[in-house]
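Structure record follows, encoded as structure tokens.
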Amino acid sequence: MSAIHKERYPNLFRECDWGTVITGFEVWDTSPPEHLISNVNLVPFVKGQCVAIQLENGGWEIPGGTLEPNEHYRDALVRELMEEAGARLVSSFKIIGAWKFVSSAEKPYRPHLPHPVYYRIVGYGEVELVSAPQIPENGERVLTVEAMTLQEAKHRFIQTGRADLAELYELADSLRRKSRDEFKR
């Protein structure tokens with residue numbers, strides 16, 4: 001993405017230092033090298049509205065999570081959507097980009113994950129909310145799954161300290177609208 005996007009979405013593109021991990025968001029048209037993908041997330045849309053999940057700690061999040069051993073990121077996306085949002089993907093997963101992580105830790109978070117460089121791939125797509133979240137016993141606790149306007153989603157993310165996700169949802173909505181407009185031509 002151009003410098004204009006970095007100016008428009010400074011929280012999304014800001015480099016973060018988490019002690020043993022440095023991360024920054026990068027735009028990708030296709031996936032990063034698949035053997036380097038450790039996590040997958042989706043900005044979900046339902047009939048023009050954004051879907052976000054609220055966790056037990058009160059924070060708002062984007063659905064997604066960590067790949068299991070030998071799991072392809074698309075399979076992980078399908079699993080994570082059902083677990084965290086009770087949602088089924090009904091359109092293609094359109095890649096926006098990925099957070100690139102560079103770790104100085106001695107070993108990966110889980111033995112099967114790439115290390116020391118890995119990616120959390122992010123895309124957007126249309127979903128259908130089909131059930132309550134199907135959270136496994138050791139999974140994150142989701143309090144609520146809500147479809148809302150982009151403005152409502154941005155407000156909730158910002159209120160809980162996630163301006164980066166507010167900007168990610170805004171970028172996803174912009175790319176989704178642009179793609180839809182180009183398709184209509």
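The values are calculated or read from the model by the stated rules, or taken from the named source; none is laboratory data. Given the structure is predicted, the values throughout are model-derived calculations rather than measurements. Counting neighbours? That spans all protein chains shown, and the Cβs are built from the backbone with ideal geometry, glycine included. Ligands, DNA and RNA are excluded from the accessible area calculation, which covers all protein heavy atoms including side chains. Shrake-Rupley method; radii C 1.70, N 1.55, O 1.52, S 1.80 Å.
Note on the stretch 131-185: Cα Rg divided by 2.2 N^0.38 Å, N the number of residues, gives 1.47. Give me the net charge for the shell around PRO116: Cβ to Cβ below 13 angstrom, other residues only, Lys and Arg +1, Asp and Glu -1. Result for the local shell: +1. Taking 0.36 nm per residue of separation and subtracting the current Cα-Cα distance, fully stretching the chain between ARG74 and ALA132 would add 18.8 nm. Solvent-accessible surface of the stretch 123-185, taken per residue with a 1.4 Å probe and all protein chains present: 59 Å².
Taking LYS154, LYS47, LYS94 and ordering them by how much accessible surface each has at a 1.4 Å probe, largest first, produces LYS47, LYS94, LYS154. Just the number, please: carbon plus sulfur as a percent of the accessible area of the stretch 3-129, 1.4 Å probe, no ligands or DNA/RNA counted. With neighbouring chains kept in place, the figure for the stretch 3-129 is 51 percent. The GluC sites (Glu not before Pro) of the stretch 35-143 that meet both conditions, a loop assignment by DSSP and at most 12 other Cβ atoms within 10 Å of the site Cβ, are GLU56, GLU106, GLU137. The calculated 222 nm mean residue ellipticity attributable to helices in the chain amounts to -9000 deg cm²/dmol, summing -39500 (n - 2.57) over DSSP H runs of n ≥ 4 and dividing by all residues. Here ARG141 sits with roughly 100 square angstrom of accessible surface, probe radius 1.4 Å. Let me make sure I get this right: for the chain, a, b and c are the square roots of the gyration tensor eigenvalues over alpha carbons, sorted descending. Under 1.5 in a/c it's rounded, otherwise prolate if a/b > b/c, else oblate. Which is it? It is rounded, given that a/c, with a ≥ b ≥ c, falls under 1.5. Net charge of the neighbourhood of ALA76, taken over other residues with C-beta under 15 Å away and scored Lys/Arg +1, Asp/Glu -1, is -3. Across LEU171, LEU67, LEU55, mean-square fluctuation computed from a Gaussian network of the chain (C-alpha pairs under 10 Å connected) peaks at LEU55. Per-residue surface analysis assigns PHE93 an accessible area of about 10 Å², computed on protein heavy atoms at 1.4 Å probe radius. Beta bridges from DSSP with both residues in the stretch 1-121: antiparallel share about 90 percent, rounded to the nearest 5.
In this structure HIS115 has an accessible area near 60 Å², from a 1.4 Å probe over the protein heavy atoms. Here the relative contact order of the stretch 1-126, from alpha carbon pairs under 8 Å that lie six or more residues apart, stands at 33 percent. Please report the net charge: other residues with Cβ closer than 11 Å to the Cβ of LEU165, K and R +1, D and E -1. Net charge in that neighbourhood comes out at -1.
The charge dipole of the chain, taken about the Cα centre with unit charges on the Cβ atoms of Lys, Arg (+1) and Asp, Glu (-1), comes to about 560 debye, rounded to the nearest 20.
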